[in-house]
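The values are calculated or read from the model by the stated rules, or taken from the named source; none is laboratory data. As the structure is a prediction and not an experimental result, all values here were calculated from the model. No Cβ is skipped: glycine too gets one built from the backbone with ideal geometry, and neighbour counts run over all protein chains shown.
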């Protein structure tokens, strides 16, 4: 039986966001793609890192892949579950400073309130306008917008309050404990998360960094075939994927 590959999507996405990546993997893995708490069809699932870890454990992942919010969850879970491999796309180990986390929590709580006030369509438009997603091809922007509409305001607000960066225990100091192969993936245009990935690589015992050419923060949406190649080639000495 092929290895179980669990893929965790980002905030405002659903399991559908992995469709083209899974297709590009061409059956090499048994892909398991859940809707995370507050998203898609799982809006009633408890939203918290401990609950998410318990849910992922039941999926019995051999390889754990996470993007952005899903990457935070995957990293948190990896310390307990110890998968064979971990792949993090545009992800962070959290905010190290207490003041910074407190400020982010206040901002996340305010954003959660706003989502519930303005509704999913208006919020989806606002979220897509962030500089973080600048430069996305129109095809990708349209697909991402349609995916966001599969969510509900209540579900996204709950996810933000329970799984936001502001409530996450910072894991920077624990990275040296994670003695398993880790592939860090960042888009070439995503300067913020490329920098974070480089810092993570310095602390992780067995990490490699893959930079996806021509991609921004959501590399798996812009270049799914290259992200699939990076997942498949995890553990190789390469530090980039060719276009």
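Taking the conditions exactly as written (assigned to a helix (DSSP H, G or I) and touching a helix residue (DSSP H, G or I) at 6+ places or on another chain (Cβ under 7 Å)), does residue 166 satisfy them or not? Yes. For the stretch 219-242, give me the residue count where each residue is in contact with a strand residue (DSSP E or B) (Cβ under 7 Å, 6 or more places away or on another chain), under 25 Å from residue 76 (Cβ atoms) and at pLDDT 95 or above. Count: 5.
Of all the numbered requirements in (1) under 19 Å from residue 201 (Cα atoms); (2) under 17 Å from the mean Cα position of the chain (by Cα), residue 37 misses one, and that requirement is (1). I'd like the full set of residues that are in contact with a strand residue (DSSP E or B) (Cβ under 9 Å, 6 or more places away or on another chain) and within 10 Å of residue 75 (Cβ to Cβ), limited to the stretch 164-185. Correct list: 175, 178, 182.
Taking strands (runs of 3 or more DSSP E) as the structural unit, those lying wholly within the stretch 1-118 and holding at least 3 residues that are touching a residue at least 12 places away in the same chain (Cβ under 8 Å) and in contact with a helix residue (DSSP H, G or I) (Cβ under 9 Å, 6 or more places away or on another chain) correspond to 4-8, 63-67, 85-89.
Would you say residue 47 is out of contact with any strand residue (DSSP E or B) (no Cβ under 8 Å at 6 or more places or on another chain) and either on the phi < 0 side of the Ramachandran plot or surrounded by fewer than 22 Cβ atoms within 10 Å (Cβ to Cβ) (or both)?
Working: out of contact with any strand residue (DSSP E or B) (no Cβ under 8 Å at 6 or more places or on another chain): yes; either on the phi < 0 side of the Ramachandran plot or surrounded by fewer than 22 Cβ atoms within 10 Å (Cβ to Cβ) (or both): yes.
Here the answer is yes, as residue 47 does meet what is asked.
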